[in-house]
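Chemist: Input: one structure, supplied below.
The values are calculated or read from the model by the stated rules, or taken from the named source; none is laboratory data. From a predicted model like this one, the values you see are computed outputs, not experimental measurements. Counting neighbours? That spans all protein chains shown, and the Cβs are built from the backbone with ideal geometry, glycine included.
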């Protein structure tokens, strides 16, 4: 049974993401107030803010060494920050979301629904061929050789070096609401706006299971650090499911319809969620 250990006002309006740092000492959140905020763990006292975006901050991505943070915003910019200092290092115009590569460099989703590759100096390397009518999120595989891009019905796999489409993870009927990779990089979990959760092997693309969530509002999915559990946000709740077969393990009731970003602490004991009421909630599992 999950226990609520913290509820705090974070972003005035919608809070969009909640991510623990790799050392577990800080929770980083963002939201519609245009700010990125840092919170000390375990007190969750305020510990700084990064300001610069002119609209909602919707995505966060850390570099492999944790020294950089990329934020994507509705203002049409991706900003690169030093972490935890918060010095703004670069601004990539015409971009909405970003993901750091473990091999160095960055990928973004542009305002024109194209995936773009950048080098470590944040010079544009390539705009990839059109993958889908709309793009929603992106992530690199563990070796950095492939880029996964979520689209309207499928996740597209792109060979980074060749800059060509190398495969697809199909199955969703509408938009791919979110995706997450297991810590070892072997598994890809996706949720669809139609209300399903799917799990694929990253290598080969085999679908391991597909389950209906039973309630509307599928928004976000996150793997526990050990890869054994999946947290999935739906309207007014977070479902904890087995990563082995998708079976429902438990349900955490959340007193707000829009349950957005999900983030496990590095030890897997805590789960944070961002909500449509501007609050962030932290649970002990």
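Chemist: How many of the residues in region 233-264 are buried (at least 17 other Cβ atoms within 10 Å of the Cβ), over 19 Å from the mean Cα position of the chain (by Cα) and over 19 Å from residue 3 (Cβ atoms)?
Modeler: Final tally of qualifying residues: 1.
Chemist: I'd like the full set of residues that are surrounded by fewer than 22 Cβ atoms within 10 Å (Cβ to Cβ) and either part of a strand (DSSP E or B) or in contact with a helix residue (DSSP H, G or I) (Cβ under 8 Å, 6 or more places away or on another chain) (or both), limited to region 265-278. So that I can check it myself, show each step before the final result.
Modeler: Quick first cut of region 265-278, residues surrounded by fewer than 22 Cβ atoms within 10 Å (Cβ to Cβ) only: 265-270, 276-278.
Passing the criteria: only 270.
Chemist: Would you check if there is a residue in region 67-82 being free of Cβ contacts under 8 Å to residues at least 60 places away in the same chain, surrounded by 17 or more Cβ atoms within 10 Å (Cβ to Cβ), assigned to a loop (DSSP other than H, G, I, E, B) and in contact with a strand residue (DSSP E or B) (Cβ under 8 Å, 6 or more places away or on another chain)?
Modeler: The answer is no, given that none of the residues of region 67-82 is free of Cβ contacts under 8 Å to residues at least 60 places away in the same chain, surrounded by 17 or more Cβ atoms within 10 Å (Cβ to Cβ), assigned to a loop (DSSP other than H, G, I, E, B) and in contact with a strand residue (DSSP E or B) (Cβ under 8 Å, 6 or more places away or on another chain).
Chemist: Of all residues in region 101-113, how many are crowded, with 22+ Cβ neighbours inside 10 Å and under 23 Å from residue 21 (Cβ atoms)?
Modeler: Taking region 101-113 first, the residues crowded, with 22+ Cβ neighbours inside 10 Å are 101, 106-109.
So of that shortlist, the ones also under 23 Å from residue 21 (Cβ atoms) come out as 101, 106-108.
Residues that pass the stated criteria total 4.
Condition check ((1) within 26 Å of residue 127 (Cα to Cα); (2) modelled with pLDDT under 95) across all residues:
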| position | (1), (2) |
| --- | --- |
| 168 | yes, no |
| 174 | yes, yes |
| 184 | no, no |
| 200 | no, no |
| 210 | no, no |
| 215 | no, yes |
| 221 | no, no |
| 236 | no, no |
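Chemist: Please list, ordered by first then second residue, the pairs with beta carbon atoms under 9 Å, 6 or more apart or interchain, first in region 126-148 and free of Cβ contacts under 8 Å to residues at least 24 places away in the same chain and on the phi > 0 side of the Ramachandran plot, second surrounded by fewer than 16 Cβ atoms within 10 Å (Cβ to Cβ) and part of a loop (DSSP other than H, G, I, E, B).
Modeler: Listed by first residue and then by second, the contacts come to nothing, as the list is empty.
Chemist: OK, next. Do any strands (runs of 3 or more DSSP E) lying entirely in region 114-232 carry at least 3 residues that are surrounded by fewer than 19 Cβ atoms within 10 Å (Cβ to Cβ), and which ones are they? Steps first, please.
Modeler: On the way: elements: 115-118, 124-127, 137-140, 146-150, 155-159, 164-169, 176-181, 187-192, 196-201, 207-212, 221-223.
By residue number, 124-127, 164-169, 207-212.
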